[in-house]
There are 4 protein chains.
Amino acid sequence: MTYQVAVAGASGYAGGEVLRILADHPQLEVVAASAHSQAGESITAVHPHLTAYGDRRFCETTPEALSGADLVIMTLPHGQSAALAAQLPADLKVVDLGADHRLEDAAAWEAYYPGPHAGAWTYGLPELAGQREAIAASNRVAATGCYAVATILALRPLLDAGIADPSDVVVVAASGTSGAGNSPKKNLLASEVIGSMSPYKVGAHQHVPEIKQATGATSLSMTPLLAPMPRGIISTVTARPAGDVTAADVRAALSKAYDGEHFVHLLAEGAWPATASTYGTNAVQVQGTVDRDSGRIIVTAAIDNLGKGAAGQVVQCANLMLGLPEAAGLTVNGVAP
Amino acid sequence: MTYQVAVAGASGYAGGEVLRILADHPQLEVVAASAHSQAGESITAVHPHLTAYGDRRFCETTPEALSGADLVIMTLPHGQSAALAAQLPADLKVVDLGADHRLEDAAAWEAYYPGPHAGAWTYGLPELAGQREAIAASNRVAATGCYAVATILALRPLLDAGIADPSDVVVVAASGTSGAGNSPKKNLLASEVIGSMSPYKVGAHQHVPEIKQATGATSLSMTPLLAPMPRGIISTVTARPAGDVTAADVRAALSKAYDGEHFVHLLAEGAWPATASTYGTNAVQVQGTVDRDSGRIIVTAAIDNLGKGAAGQVVQCANLMLGLPEAAGLTVNGVAP
Amino acid sequence: MTYQVAVAGASGYAGGEVLRILADHPQLEVVAASAHSQAGESITAVHPHLTAYGDRRFCETTPEALSGADLVIMTLPHGQSAALAAQLPADLKVVDLGADHRLEDAAAWEAYYPGPHAGAWTYGLPELAGQREAIAASNRVAATGCYAVATILALRPLLDAGIADPSDVVVVAASGTSGAGNSPKKNLLASEVIGSMSPYKVGAHQHVPEIKQATGATSLSMTPLLAPMPRGIISTVTARPAGDVTAADVRAALSKAYDGEHFVHLLAEGAWPATASTYGTNAVQVQGTVDRDSGRIIVTAAIDNLGKGAAGQVVQCANLMLGLPEAAGLTVNGVAP
Amino acid sequence: MTYQVAVAGASGYAGGEVLRILADHPQLEVVAASAHSQAGESITAVHPHLTAYGDRRFCETTPEALSGADLVIMTLPHGQSAALAAQLPADLKVVDLGADHRLEDAAAWEAYYPGPHAGAWTYGLPELAGQREAIAASNRVAATGCYAVATILALRPLLDAGIADPSDVVVVAASGTSGAGNSPKKNLLASEVIGSMSPYKVGAHQHVPEIKQATGATSLSMTPLLAPMPRGIISTVTARPAGDVTAADVRAALSKAYDGEHFVHLLAEGAWPATASTYGTNAVQVQGTVDRDSGRIIVTAAIDNLGKGAAGQVVQCANLMLGLPEAAGLTVNGVAP
């Protein structure tokens, strides 16, 4: 059974990655890929790597263009999905990669994002307890933020197992540049980025409320850094131990959470995640230990920010919502070296 | 119908890429992946990105381990495939990524390679006239060299169309580092490679006789350069024009050769190949023009050295040899950005 | 004796590199650094690496701001230097990094550049025969193009020695991204550049007439490629041999040209140039051989495009014009790894 | 006044960087550069970027070869400096870049390093209170570890100002590859590193006792990560606030510590450190704030791991020990882009 998908806002990197995944998806076909300023342009002119799209062109982002599909994926600039979704039939399945519908608490939204709170949709992280079923039953799913998903998957099992203190969680995460999008900005030029690393949005990143909501952490500091690579996020999460906690306890908590999970992999003891191992995939690599000096629990998670951090996550949710095999069209074998 | 494949010498980058492609191939399954010094080791310990291989281990590279398969892919260190193939049943299909069986002329072999000439197998480049059928009918196929395939695909159409002089062809090609393999060598350390480019094997690269054999070029200079990226080859091929040749003539020759070809794409006029567009794929991007000052024809071709330059090519040949759809398990949509 | 230098157009990468070199120059001090849209801005806000500039700000690019100096260095956007120079006193020494005054032949200028030919100044490449003295005696010097200088230094000795044919020279050169400047453009984003190489301005680069003028080549094809590194140019130059030419003849020609030259180094036999070896310097590495199959002479030259390819060259010329030691403030030790 | 320096163990990256800095140092000249397995080899064969070293060769690492100098810099593999220093005259000034003599507490040494504790020398970080004078008066100085110096400079001012809790400090730091040396290892191959980030020595890095000793921190977790760049360290240090602490308090503490310091720069408010800004220099960029959710103090410091993290630090100490201007031969202007 094949389903039809429309991708709204397909001219950016996340939208392009959705188009790439769907091009080879056995049961989903793209019936419309829309853009705003690039409506009417050739898809391969904007995404020269998407050879299979041949002569196809972006259409305009209108409810009409999207409503013929079985499911709409939104990879729009921030702040636009609420208004667009409101114009779509309520029974048309929508997965939104924007932040607009992730947070339940209006106050948390207003503290970190511009504009009014658009309300909460089903949170699109299937690996969280209960979410797989909720997503499958939902018509409105808000997919996760990139830093957020890596951090949540690292942290949640520790809190669920009761081995970590929910306060004073410390997160430091590095991301490749595609997470910043393709608008030309000086600080994103190759000449500025290659051979350098630098922090940004220090102590104030908008993914913090999302991480707290999804894990139960009560206070969390976050420092993101820009890394000289096109893709990948490595999130280093440290939490204070609740009582005496050993490295074995940490691995046990991660194992309990992820044994049987297709996309999230606890590595063999002693092996640490590498973003390249998840390159081009929807996979997540995790590993944890206890710091020998302070006793802090340290868990690191590696993802592809365009994979599990964006387009992969969206397609995983779409598969669930359409009743398809959850891993359809999604690989766990990274493109490495 | 599923066929069984054995991969001999699967612990290197090319072998790892074969394993990656086959993991998601709908009709081929890996029944044995062999290694030499790493026989017995976990596949994911050597290739941490190949998550789907779970607990599987490399076996030893022996005829017994390989003979149970329908087809054997050899990604061995140079000089080893002839001896191994000689021990396999003649009716067992073999695709060799080594150079040992590419050249027809023993003198050409001896001029560029150590050891005796092992004889010629069917040359594994399906896009050359007649090769598709020859490969499909053959039990012994020698897949192409990485620089060679990019250069041949750029040059051959010019000679076939009679618009280029077969003498004094000039090739300058840059490659990412995975083409040099994973043996630890100082000059391949990230600290030596990142932020730098340098030529090597200048004017003496072993792919020259292969290129001449496959294109009909009568004299050809070649300068390879190492580039600070993990994958990708961009080959710049210049040839003297035979008579008055325009850019339109060049594009027409490329178009004639590649219209209808699934993996080789002549870009729209004015668009030039980028290796990232072929990243992780079996695709080839080509474009050509005429130099305004000298009249030389210039054609550039971009590939993934592990894709069309190695593992992708091998799987494309295997598909033909087993009567499967030629593009089974092979994508043309690059992992980009 | 200290001299005062004004830098016009100092907010770009080349201007920034001039400021960097002059900050530590024992005999030159920067009295004015001008910019256009960034006039009034803090220098370190635009060039965060230039710590020694403290609170200094860009001034406006006016004749008044520049005329107080002993020498003016122009690193303006293309097409602006002629008009500005015309407003400066004739006896005020000027070194221009723009292309405006490099070419002697108006027809050559009009064939490759927009706007009218501004006339020719003294060509700023001291290593060419006679140029050192001409530069030292001149008040108006046009510094070289980046690809041009690497290519000229590789090619000129072959023609001077009479071992190469001046026609049908073939050049393929790769450059790091800083050569493209810091205007935000999508194709220069890190996400587009990292992990990829692609050609541009194929067969039509504007440095061709400059190379021909400086070497005597009569026809020359050129293919530039963008490489995933911030700095560096490696130019591969091939020329047909004039008679029987050996690799030893090639090295002898290069040796004759460069023995005794401080900045241009013929490497030991068998060692090939690497751009990282020239990183942050005014040095040039060269090496040559003869292609075994075609007999073509192949010479490769590595530079730092912001070093000998721009700011280093400019300061070298300024030193000569002010009667200072030619290497003052300029190193030959690359920042590597 | 010129002094003579011998560099022991000069064939690695840190030793090479010492040679580079000293080549252009106005008052220090290298009289001997020693190596072990590469004794007798040409310096430029091992360090092709060190053009100014011409035909000079490494000598053997013997007390005799070193004793003729005014000062010896040791950049040996770990564990070797104690034995060598013991064979040198007590009044021969020595700066050691190895870890052997950094720690005062034998138990701390034995907990993290192999072999016996060699005793403590004067700790080579001039910016710490009292160290400048101590170094200048000492004949035996132990220069700092690379991650350690960036972390110490970020953290110490907070503890000195009494605004941070000395327990439960959390450090996450990323480093370029040159910090891992030039021994060929598979995990340091460009094919493994480019496009990827991964943590290592998680929660167990040997710089922890050094950081605690130099700052007064009582418990500290540390996660290092390998980044795809040749040079640079960015250390993100978080500490719990002691009482109500604002971002202004943090900046005031950093300002108090570093106003007037030549090499350590507190950036303008809102500007965050970038490793490229320190590339090739002895400079340090710092910035701090308070996390809005948790109240944790966050300070980030960027250095060049071969600069202030190794060779730059060593030369800064040597200048002090020889009574030279502290910044002689050392720049603060990064080689960027």
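The values are calculated or read from the model by the stated rules, or taken from the named source; none is laboratory data. Small disclaimer: the values here were computed from a predicted structure and weren't measured. So basically every Cβ, Gly included, is an ideal-geometry build from the backbone, and we count neighbours across all protein chains shown. For accessibility, only protein heavy atoms count, side chains too; no ligands or nucleic acids. Shrake-Rupley method; radii C 1.70, N 1.55, O 1.52, S 1.80 Å.
At a glance:
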read-out: Meets criteria (of a type outside the set (D, E, K, R) and more than 27 Å from residue D:302 (Cβ to Cβ)) for residue A:279; value: no
read-out: Hey, residue B:219 surrounded by fewer than 24 Cβ atoms within 10 Å (Cβ to Cβ), over 18 Å from residue B:305 (Cα atoms) and at pLDDT 95 or above or not; value: yes
read-out: Matching residues in region D:178-235 - criterion: being part of a strand (DSSP E or B) and within 23 Å of residue D:144 (Cα to Cα); value: D:199, D:220, D:221, D:222, D:223, D:224, D:225, D:226, D:233, D:234, D:235
read-out: Any hit, region D:234-250, residues being acidic (Asp, Glu), open to solvent by 10 Å² or more (accessible area, probe 1.4 Å), closer than 20 Å to residue C:24 by Cα and outside the structural domain of residue D:71 (by TED's automatic domain parsing); value: no
read-out: Residue check for residue A:271: assigned to a helix (DSSP H, G or I), of a type in the set (A, V, I, L, M, F, W, C), more than 19 Å from residue A:125 (Cβ to Cβ) and open to solvent by 10 Å² or more (accessible area, probe 1.4 Å); value: no
read-out: Residue in region C:58-77 that is of a type in the set (D, E, K, R), in contact (Cβ under 8 Å) with a residue 40 or more places away in the chain and in contact with a helix residue (DSSP H, G or I) (Cβ under 6 Å, 6 or more places away or on another chain) present; value: no
read-out: Failed item in (1) surrounded by 21 or more Cβ atoms within 10 Å (Cβ to Cβ); (2) farther than 29 Å from residue A:333 by Cβ; (3) at pLDDT below 95, with residue B:158 passing the rest; value: (3)
read-out: Residue in region C:325-336 that is open to solvent by 10 Å² or more (accessible area, probe 1.4 Å), away from chain B (no Cβ under 14 Å), at pLDDT 95 or above and on the phi > 0 side of the Ramachandran plot present; value: yes
read-out: Qualifying residue in region D:285-293 (condition: within 30 Å of residue D:11 (Cα to Cα), under 16 Å from the mean Cα position of the chain (by Cα) and not in a helix (DSSP H, G or I)); value: yes
read-out: Residue in region B:56-69 that is away from chain A (no Cβ under 14 Å), part of a strand (DSSP E or B) and at pLDDT 95 or above present; value: yes
read-out: First in region C:194-210 and more than 7 Å from every other protein chain (Cβ to nearest Cβ) and on the phi < 0 side of the Ramachandran plot, second anywhere and of a type in the set (D, E, K, R) and assigned to a loop (DSSP other than H, G, I, E, B), Cβ under 9 Å, 6 or more apart; value: C:209/B:293; C:209/C:102; C:209/C:105; C:210/C:102
read-out: Test set (1) modelled with pLDDT under 95; (2) in the same structural domain as residue D:265 (by TED's automatic domain parsing) - residue D:79 fails condition number; value: (2)
read-out: Residue selected from region A:163-184 under the condition away from chain C (no Cβ under 14 Å) and of a type in the set (Val, Ile, Thr), by the criterion most open to solvent (accessible area, probe 1.4 Å); value: A:163
read-out: Unique residue being in contact with a Gly (Cβ under 9 Å, 6 or more places away or on another chain) and facing chain A (nearest Cβ under 10 Å) when the list is D:218, D:236, D:300; value: D:300
read-out: Any chance residue C:142 is modelled with pLDDT of 95 or more and open to solvent by less than 30 Å² (accessible area, probe 1.4 Å); value: yes
read-out: Residue identified as among the basic types (Lys, Arg) and farther than 26 Å from residue D:175 by Cβ among A:308, A:256; value: A:256
read-out: Test: residue in region D:307-321 that is within 11 Å of another protein chain (Cβ to nearest Cβ) and over 19 Å from residue D:97 (Cβ atoms); value: no
read-out: Residue C:101 farther than 26 Å from residue C:23 by Cα and in contact with a Gly (Cβ under 7 Å, 6 or more places away or on another chain); value: yes
read-out: Those residues of region B:94-132 which are of a type in the set (Lys, Arg) and out of contact with any Leu (no Cβ under 9 Å at 6 or more places or on another chain), in sequence order; value: B:102
read-out: Region D:256-277 - residue that is small (Gly, Ala, Ser) and without any contact (Cβ under 8 Å) to a residue 12 or more places away in the chain and, of those, farthest from the other protein chains (Cβ to nearest Cβ); value: D:260
read-out: Test: residue in region C:103-126 that is part of a strand (DSSP E or B), outside the structural domain of residue C:248 (by TED's automatic domain parsing) and touching a residue at least 24 places away in the same chain (Cβ under 8 Å); value: yes
read-out: Residue tally, condition touching a Lys or Arg at 6+ places or on another chain (Cβ under 7 Å), within 19 Å of residue C:240 (Cβ to Cβ) and of a type in the set (D, E, K, R), over region C:280-337; value: 1
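To keep it simple, each residue is scored yes or no on (1) in a helix (DSSP H, G or I); (2) crowded, with 24+ Cβ neighbours inside 10 Å; (3) more than 10 Å from every other protein chain (Cβ to nearest Cβ).
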{"site": "C:25", "(1), (2), (3)": "no, no, yes"}
{"site": "C:29", "(1), (2), (3)": "no, no, yes"}
{"site": "C:45", "(1), (2), (3)": "yes, no, no"}
{"site": "C:82", "(1), (2), (3)": "yes, no, yes"}
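For every residue, the table says whether it meets (1) part of a helix (DSSP H, G or I); (2) farther than 24 Å from residue A:196 by Cβ; (3) within 14 Å of another protein chain (Cβ to nearest Cβ).
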position: C:4; (1), (2), (3): no, yes, no
position: C:17; (1), (2), (3): yes, no, yes
position: C:40; (1), (2), (3): no, yes, no
position: C:73; (1), (2), (3): no, yes, no
position: C:85; (1), (2), (3): yes, yes, no
position: C:100; (1), (2), (3): no, yes, no
